[in-house]
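Taking it in order: structure first as structure tokens, then the write-up.
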Amino acid sequence: MSTEESRKTIIRIRNLSFKYKNAEKNVLDTINFDVKEGEFVLITGPSGSGKSTLARILTGLIPNSYPGDLSGEISIMSFDPRRNKIYEIAQNVGLVLQNPENQLFALTVEDDIAFGPENLGLERKEIKERVEWSLSVVDLQKERHKAPFELSGGLQQKVAIAAVLAMKPKILILDEPTSYLDTLSAIKFAYFLNELKRELNLTIILIEQKIDLFFKFLSRIVVMNEGKILIDDEPDVVMNFCIRNKIPINIPLQLLIIRTLGETYDGKKLYDYQVDDYKMLFEKIINDR
Amino acid sequence: MAKISIEDVSFSYEQDKKNNFVLKDVSYSILPGDSVLLLGPNGSGKTTLLKLIMGLLKPTKGKIRIDDADTSKASVFEISKKVSMIFQNPEKQFFAETVREELSFGLKNRGLREEEIKKKVEEVAKKFGLFEYLDKSPFDLSGGEKRRLSIASIIILDPEVLIVDEPTAGLDFQYRNLMISIIRGFLETRNKSLVVATHDIDFGLRIANKAAVINEGKLVWSGDVVSLLREEEIFSKGILAHTFTSSLISRVISQSNVDFQKVVKILEELTEGLM
């Protein structure tokens, strides 16, 4: 048995449907979705497909803060948001939003990070240890006394993550965390997230449009559309499915170039090639016209 | 056609202290027909510069002129006759009860005749796929429709200069492509100009002919986009970063001398199968 198969399932969802209060139709429609411990799962799809709603259910915000009709089986590390409170789930599942400014509020980085543990009623010593640990994980010790709003977008997103990590979650859910980051910060962020996952043995669920930034780190890709899961499989399988069926998502250009040239370059992983290899392949496409 | 001259502009949010400059000694001209990509890291001062051009902020030093008018003396209303801006998350700015009123608002302010307004509103609504929603509330539209309405309400004013701040942040594949076709449509009219601040360099390369790079409040590079792609230092110093697509384009045009427009067109054809 491979390690993938022997891993524990920590999220199990069966026939999940949800309709926001006063809405006409379901935003999520009979979803089945499992996540195993240590996986790095990317969820993508057009706006309005139900991605953020799913994240809200996995963090207990639905139905605790957003009322509506929720049905189906939900087990998030054996929690069910209909039976458990947000703070119970928050100690296991952390949520990072698109715009860190919506998540940060304290006057110093340190205070922002301490806020969650303080609200758990932990002892001072434990709070202090957690803050130190979170600061070191995201490498923000130098910025600890600064106001979060003085920091660049990339650093702000790290503060938001540190604040979530201080709750010592097992699962980290991120909802389009790179939307407001410049390209360099976004690239660094992708590597940082992968390192974080390995070091802390986290399970990551990432909602994202920029598939190519994270592609090489992913265990699976899930594509959603109109409240349903279109496909949920290994990255290569999902990309091929989306190209074949003309699903409008951001397929990495590398893959499109290789596919255009046919079978010749199969068998090698997408990121084993350097940009110069792709340049040669791309010039072949130009010359073929 | 309008010309915008940014002349030695510095800006500080702390007007009294006059230190902590967000922008420092920036000089740049935007000519009719220019489509300028404003690039730079988070916090470099791009949005501040756009607000200065719109007259929403006044320079601490230097001046900005739109044709011959000094923006720190002209009213925002005067400036908006020539220059219009689409903000980040523009759908937060709706106020009218129907889509028709939302689209008519700016035209009424300009004193157009009713029949003329009706004709223009319906024409633009058709172009943006909003015709059947004209009598609906803007707040009942879906996310994508709201975004189309917000852009339509600016395009209908037919500005000479269109300014856009981070138009693709959080947009999915289809809306990003829609944004590109809207902007291209706007630029088809001769002598219109565009300034777009974005981190999305791949998007920018599809619509712009010029680029200006701001870092820590200073204009550190300006020129045409093809030269930017041949520029190694800006990228090696970490002021800008290449995406896979932009580095591929950069290598193909500088090492193999393939025409830039041709490369962009072929790359678009590669993704077209998905549209």
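The values are calculated or read from the model by the stated rules, or taken from the named source; none is laboratory data. All of these numbers come straight from a predicted model, not from anything done at the bench. Positions of Cβ are generated from backbone atoms using ideal geometry, with glycine treated the same way; all protein chains shown enter the neighbour counts. Heavy atoms of the whole protein, side chains included, go into the accessibility calculation; ligands, DNA and RNA do not. Shrake-Rupley method; radii C 1.70, N 1.55, O 1.52, S 1.80 Å.
Assorted remarks:
- Only a single item in (1) within 21 Å of A:Ala186 (Cβ to Cβ); (2) more than 8 Å from chain A (Cβ to nearest Cβ); (3) open to solvent by less than 50 Å² (accessible area, probe 1.4 Å) is not met by B:Gly223, and it is number (1).
- Residue count, region B:135-173 (criterion: over 15 Å from B:Val121 (Cα atoms) and of a type in the set (Gly, Ala, Ser)): 6
- Of all residues in region B:160-213, those satisfying the criterion of being in contact with a His (Cβ under 9 Å, 6 or more places away or on another chain), in contact (Cβ under 8 Å) with a residue 60 or more places away in the chain and part of a loop (DSSP other than H, G, I, E, B) are B:Glu166, B:Ala169.
- Among the residues of region B:64-89, those that are open to solvent by 60 Å² or more (accessible area, probe 1.4 Å), within 25 Å of B:Ala169 (Cβ to Cβ) and either in contact with a strand residue (DSSP E or B) (Cβ under 7 Å, 6 or more places away or on another chain) or part of a loop (DSSP other than H, G, I, E, B) (or both) comprise B:Phe87, B:Gln88.
- Any chance B:Leu240 is surrounded by 17 or more Cβ atoms within 10 Å (Cβ to Cβ), within 11 Å of another protein chain (Cβ to nearest Cβ) and in contact with a strand residue (DSSP E or B) (Cβ under 7 Å, 6 or more places away or on another chain): yes
- Boolean, A:Lys158 is crowded, with 21+ Cβ neighbours inside 10 Å and either within 14 Å of chain B (Cβ to nearest Cβ) or on the phi < 0 side of the Ramachandran plot (or both): yes
- Pair list, Cβ < 8 Å and 6+ apart or interchain, from region B:246-271 residues that are in contact (Cβ under 8 Å) with a residue 24 or more places away in the chain to residues that are open to solvent by 30 Å² or more (accessible area, probe 1.4 Å): B:Ser246/B:Asp202; B:Ile253/B:Val226; B:Ile253/B:Arg230; B:Ile253/B:Asp259; B:Ser254/B:Arg230; B:Phe260/B:Val226; B:Val264/B:Arg206; B:Glu268/B:Arg206
- Selection count where residues are closer than 13 Å to B:Gly43 by Cα and part of a loop (DSSP other than H, G, I, E, B), scope region A:138-157: 2
- Residues in region B:249-275 that are of a type in the set (A, V, I, L, M, F, W, C) and more than 25 Å from the chain's Cα centre (by Cα): B:Val252, B:Ile253, B:Val258, B:Leu270, B:Leu274.
- Of the residues making up region A:64-116, those that are closer than 21 Å to A:Phe18 by Cα and charged (D, E, K, R) number 6.
- Checklist (1) more than 14 Å from every other protein chain (Cβ to nearest Cβ); (2) surrounded by 15 or more Cβ atoms within 10 Å (Cβ to Cβ); (3) without any contact (Cβ under 8 Å) to a residue 12 or more places away in the chain applied to B:Gly43, failing item: (1)
- Top-ranked residue of region A:80-100 - restricted to ones that are part of a strand (DSSP E or B) and of a type in the set (A, V, I, L, M, F, W, C), ranked as most open to solvent (accessible area, probe 1.4 Å): A:Leu95
Yes/no per residue for (1) crowded, with 21+ Cβ neighbours inside 10 Å; (2) touching a Ser or Thr at 6+ places or on another chain (Cβ under 7 Å); (3) without any contact (Cβ under 8 Å) to a residue 12 or more places away in the chain; (4) part of a loop (DSSP other than H, G, I, E, B):
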position	(1), (2), (3), (4)
A:Ile10	no, yes, no, no
A:Asn15	no, yes, no, no
A:Ala23	no, no, no, yes
A:Val41	yes, yes, no, no
A:Thr53	yes, no, no, no
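- In region B:258-273, the residues that are in a helix (DSSP H, G or I), open to solvent by less than 50 Å² (accessible area, probe 1.4 Å) and within 9 Å of another protein chain (Cβ to nearest Cβ): B:Val263, B:Ile266, B:Leu267, B:Leu270, B:Thr271
- Checking each residue in region B:182-197 for being more than 14 Å from chain A (Cβ to nearest Cβ) and under 14 Å from the mean Cα position of the chain (by Cα) picks out B:Ile182, B:Ile183, B:Arg184, B:Gly185, B:Phe186, B:Leu187, B:Lys192, B:Ser193, B:Leu194, B:Val195, B:Val196.
- Complete set of residues in region A:128-145 that are among the charged types (D, E, K, R) and either touching a Ser or Thr at 6+ places or on another chain (Cβ under 7 Å) or more than 24 Å from B:Gly40 (Cβ to Cβ) (or both): A:Lys128, A:Glu129, A:Arg130, A:Glu132, A:Arg144
- Restricting region A:206-242 to residues that are of a type in the set (Val, Ile, Thr) and open to solvent by 30 Å² or more (accessible area, probe 1.4 Å) leaves a set whose member that is nearest to the chain's Cα centre (by Cα) is A:Ile229.
- Selection status of B:Ser80, of a type in the set (Ser, Thr, Tyr) and away from chain A (no Cβ under 14 Å): yes
- Scope region B:246-257; condition open to solvent by less than 30 Å² (accessible area, probe 1.4 Å) and at the interface with chain A (Cβ under 8 Å from one of its Cβ atoms); matching residues: B:Ser247, B:Leu248, B:Val252
- Exclusive hit being within 30 Å of A:Ser134 (Cα to Cα) and within 11 Å of another protein chain (Cβ to nearest Cβ), set A:Ala186, A:Ala190: A:Ala186
- Highlighted here are the helices (runs of 4 or more DSSP H) found entirely within region A:171-252 that include at least 2 residues which are free of Cβ contacts under 8 Å to residues at least 40 places away in the same chain: A:183-200, A:235-244.
- Inter-residue pairs, beta-carbon under 6 Å, first in contact (Cβ under 8 Å) with a residue 60 or more places away in the chain and small (Gly, Ala, Ser) and in region B:129-155, second in a helix (DSSP H, G or I) and open to solvent by 30 Å² or more (accessible area, probe 1.4 Å), 6+ apart: B:Ser150/B:Glu91
- Which listed residue, of B:Asp200, B:Asp158, B:Asp135, is open to solvent by 30 Å² or more (accessible area, probe 1.4 Å) and under 13 Å from the mean Cα position of the chain (by Cα): B:Asp200
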